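This report concerns only the one structure given below.
The values are calculated or read from the model by the stated rules, or taken from the named source; none is laboratory data. If you're wondering where the values come from, they're calculated on a predicted model, not measured in any experiment. Virtual Cβ from ideal backbone geometry, glycine too; neighbours counted across all protein chains shown. For accessibility, only protein heavy atoms count, side chains too; no ligands or nucleic acids. Shrake-Rupley method; radii C 1.70, N 1.55, O 1.52, S 1.80 Å.
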Amino acid sequence: MKKTVMAFIATTQLLLSCKQEVLLPSSDSALKNTSYKILSAPSSATLSAPTSDYSLVWRDEFDGSGLNSNWWTLGFKDPGTGQLVPGAAGQYRLNSGYAGYVTSEDTYVTGGSLFLRNQKRSYTGTDPAGTYNYTSSSIMSMHKIYLNRGYIEFRAKMPVGDKVWPALWLVAEDRIWGPEIDIWEYFGYRPDQGYDAMGTHLMTGAYPNTTWYSHFIKPFNGTYNAGVFHVYGFEWTATQMKWYIDGTLVHTLNASGVVNWPDENCYFILNNGERTESPDNTTTWPNNVEIDYVRVYQIPISNPGFETGNASGWSTYGTTGIVNNNQNSGSYCARIGADNSGYEVTVSGLQPNTNYTFKGYVKLATTGNTCNIAVKNHGGSQVFASSSATTYQQVSVTFTTGATNHSATLCFYKYGGGSGAAFGDSFQVYAN
């Protein structure tokens, strides 16, 4: 895909991953306001990938009247920094491989979906300047929404025809090209593949010294009927990438066979384009990519139930310990042994301007005592909730990340709540 590119600048971070079998959501009946602790699957499809510790950490359901500018930018230029996507010819065209000029009227939200439209028409563009025979749509989340590993899900319809070139992809937030992860990249026609090919690719290295790990599903429309909604899933871990359609695994790429396995924060580009070198004999105009939702799942809390048998991943103060009695579930829980003591963990991978819930199960050993959970360092005021129950009770707080915040500190503690012990277990954080 976007092969004519230049290099640029540096650095980022990672999130965690650890695997066991569970069922993933793959229909629109997926839960909207819970963590996906155990995920519901499509009819009799069992996925071998995501772990039961995955939680929904960000989503866009496209339920408003337009694009959320806190998350998305039209075209290829970040409005805050003025930085272009690497190698972009201008704000509204990536490179000469694309025949169309990106316009605002071809990008719209209506009826609970995002529409990315292609049109065949004469259009005079300004950045880059020129006269174009097509217009198209492309949005990105550079410097706004980005992730390192996890499970991504789109519910979408794809256009078909020899000229179309839609894609849902990830590129590096540090603006060094690559990696590039083509989650779903459809070619109406590509000379080396012929007609009707869906690509699921990874490119690694730094341009121009890059290596492609390409895979094609052919015929795609002939097999799946691209014009109806499908759930397109993608999982990226430290050891594998996996691509799913409607809950069925269709491609696996192992890190063991890849040089420079990605470990960078990556942002989204969602586009519908027209391929310059492709013919225009079978394409219907206008055409759309229709996206019902984009959802991101990760493992934001390391050791959320203390099942390592220690406080690994958490900071402690005062009198604390991990015990194998009084647990809510599993084999272990956290114990606070005295007042003015507690646990804290900082989670990363959150997205700015996003509502989250932090919850966990807590109980007190002594009637009349209290314990608390809280969230701080998220770009807003600290929020907390208390409990005095002597049997396990689920306690939760909601918070909203600030405009530039990708992390928060989660707390379980006693402060002025009496001298008896408190117990905590099964903590979660997820997007609302």
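Which condition number does residue 323 fail, the rest of (1) open to solvent by less than 10 Å² (accessible area, probe 1.4 Å); (2) β-branched (Val, Ile, Thr); (3) closer than 30 Å to residue 416 by Cβ being met?
Exception for residue 323: condition (1).
Among the residues of segment 364-380, is any open to solvent by 20 Å² or more (accessible area, probe 1.4 Å), in contact (Cβ under 8 Å) with a residue 60 or more places away in the chain and in a strand (DSSP E or B)?
First, the residues of segment 364-380 that are open to solvent by 20 Å² or more (accessible area, probe 1.4 Å): 365-368, 370, 376-377, 379-380.
Applying the additional criterion that residues be in contact (Cβ under 8 Å) with a residue 60 or more places away in the chain yields none.
Scanning segment 364-380 turns up no residue that is open to solvent by 20 Å² or more (accessible area, probe 1.4 Å), in contact (Cβ under 8 Å) with a residue 60 or more places away in the chain and in a strand (DSSP E or B).
Just to check your reading of the model, which residue among 348, 315 is within 24 Å of residue 431 (Cα to Cα), open to solvent by 20 Å² or more (accessible area, probe 1.4 Å) and in contact with a Leu (Cβ under 7 Å, 6 or more places away or on another chain)? Reasoning before the result, please.
Details: 315 fails: in contact with a Leu (Cβ under 7 Å, 6 or more places away or on another chain).
Only one candidate passes the filter, namely 348.
Count, please, the residues in segment 276-312 that happen to be at pLDDT 95 or above, of a type in the set (A, V, I, L, M, F, W, C) and open to solvent by less than 20 Å² (accessible area, probe 1.4 Å).
4
Within the bounds of segment 112-121, is there any residue that is without any contact (Cβ under 8 Å) to a residue 60 or more places away in the chain and either open to solvent by less than 10 Å² (accessible area, probe 1.4 Å) or among the small types (Gly, Ala, Ser) (or both)? Working first, answer last.
Looking only at segment 112-121, we keep the residues that are without any contact (Cβ under 8 Å) to a residue 60 or more places away in the chain, and these are 121.
If we keep only those that are either open to solvent by less than 10 Å² (accessible area, probe 1.4 Å) or among the small types (Gly, Ala, Ser) (or both) as well, we get none.
No: segment 112-121 contains no residue that is without any contact (Cβ under 8 Å) to a residue 60 or more places away in the chain and either open to solvent by less than 10 Å² (accessible area, probe 1.4 Å) or among the small types (Gly, Ala, Ser) (or both).
One line per residue, one yes/no per condition, for (1) open to solvent by less than 50 Å² (accessible area, probe 1.4 Å); (2) under 23 Å from residue 289 (Cβ atoms); (3) charged (D, E, K, R):
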{"residue": "182", "(1), (2), (3)": "yes, yes, yes"}
{"residue": "210", "(1), (2), (3)": "yes, no, no"}
{"residue": "228", "(1), (2), (3)": "no, yes, no"}
{"residue": "231", "(1), (2), (3)": "yes, yes, no"}
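Name the single residue, out of those in segment 381-429 being under 23 Å from the mean Cα position of the chain (by Cα) and assigned to a loop (DSSP other than H, G, I, E, B), that is surrounded by the fewest Cβ atoms within 10 Å (Cβ to Cβ).
It comes out as 403.
Suppose we keep only residues that are out of contact with any Phe, Trp or Tyr (no Cβ under 6 Å at 6 or more places or on another chain) and aromatic (Phe, Trp, Tyr) within segment 228-285. Which one would you say is nearest to residue 351 (Cα to Cα)?
Taking the candidates together, the pick is 268.
Among the numbered criteria (1) open to solvent by 10 Å² or more (accessible area, probe 1.4 Å); (2) of a type in the set (Gly, Ala, Ser); (3) within 30 Å of residue 140 (Cβ to Cβ), which single criterion is violated by residue 273?
Status for residue 273: all satisfied but (1).
Output the residues belonging to segment 338-348 that are more than 32 Å from the chain's Cα centre (by Cα) and not hydrophobic (A, V, I, L, M, F, W, C). Outline the logic, then answer.
Step one: filter segment 338-348 for residues more than 32 Å from the chain's Cα centre (by Cα), giving 338-341.
Of everything in segment 338-348, those that are more than 32 Å from the chain's Cα centre (by Cα) and not hydrophobic (A, V, I, L, M, F, W, C) turn out to be 339, 340, 341.
Looking at segment 297-337, which of the residues that are assigned to a strand (DSSP E or B) and among the polar types (S, T, N, Q) is nearest to the chain's Cα centre (by Cα)? Walk me through it before giving the result.
Filtering segment 297-337 for residues assigned to a strand (DSSP E or B) gives 297-298, 315-317, 320-323, 333-336.
Still in the list and also among the polar types (S, T, N, Q): 298, 315-316, 320.
Working: 298: 8, 315: 27, 316: 30, 320: 35 Å.
My answer is 298.
Given the conditions (1) open to solvent by less than 60 Å² (accessible area, probe 1.4 Å); (2) touching a residue at least 40 places away in the same chain (Cβ under 8 Å); (3) farther than 22 Å from residue 151 by Cβ, report the number of the one that residue 216 does not fulfil.
That leaves (2) as the condition not met.
Output the residues belonging to segment 351-362 that are in a loop (DSSP other than H, G, I, E, B) and either open to solvent by 30 Å² or more (accessible area, probe 1.4 Å) or in contact with a helix residue (DSSP H, G or I) (Cβ under 9 Å, 6 or more places away or on another chain) (or both).
Restricting attention to segment 351-362, the residues satisfying the condition of being in a loop (DSSP other than H, G, I, E, B) are 351-354.
Within segment 351-362, 353 is the sole residue that qualifies.
Any chance you could count how many residues in segment 155-189 are aliphatic (A, V, I, L, M), under 20 Å from residue 87 (Cβ atoms) and under 18 Å from the mean Cα position of the chain (by Cα)? Quick ask: steps written out before the conclusion?
Of segment 155-189, the ones aliphatic (A, V, I, L, M) are 156, 158, 160, 164, 167-168, 170-172, 176, 181, 183.
Restricting the remaining residues to those that are under 20 Å from residue 87 (Cβ atoms) gives 167-168, 170-172, 176, 181, 183.
Filter again for under 18 Å from the mean Cα position of the chain (by Cα), leaving 167-168, 170-172, 181, 183.
Summing the residues that are aliphatic (A, V, I, L, M), under 20 Å from residue 87 (Cβ atoms) and under 18 Å from the mean Cα position of the chain (by Cα) in segment 155-189 gives 7.
For segment 180-266, please list each of the strands (runs of 3 or more DSSP E) lying entirely inside it that holds at least 3 residues being closer than 24 Å to residue 99 by Cβ. Show your work before the answer.
Details: elements: 180-190, 194-206, 209-213, 230-236, 240-245, 248-254.
In segment 180-266, the matching strands (runs of 3 or more DSSP E) lie at 180-190, 194-206.
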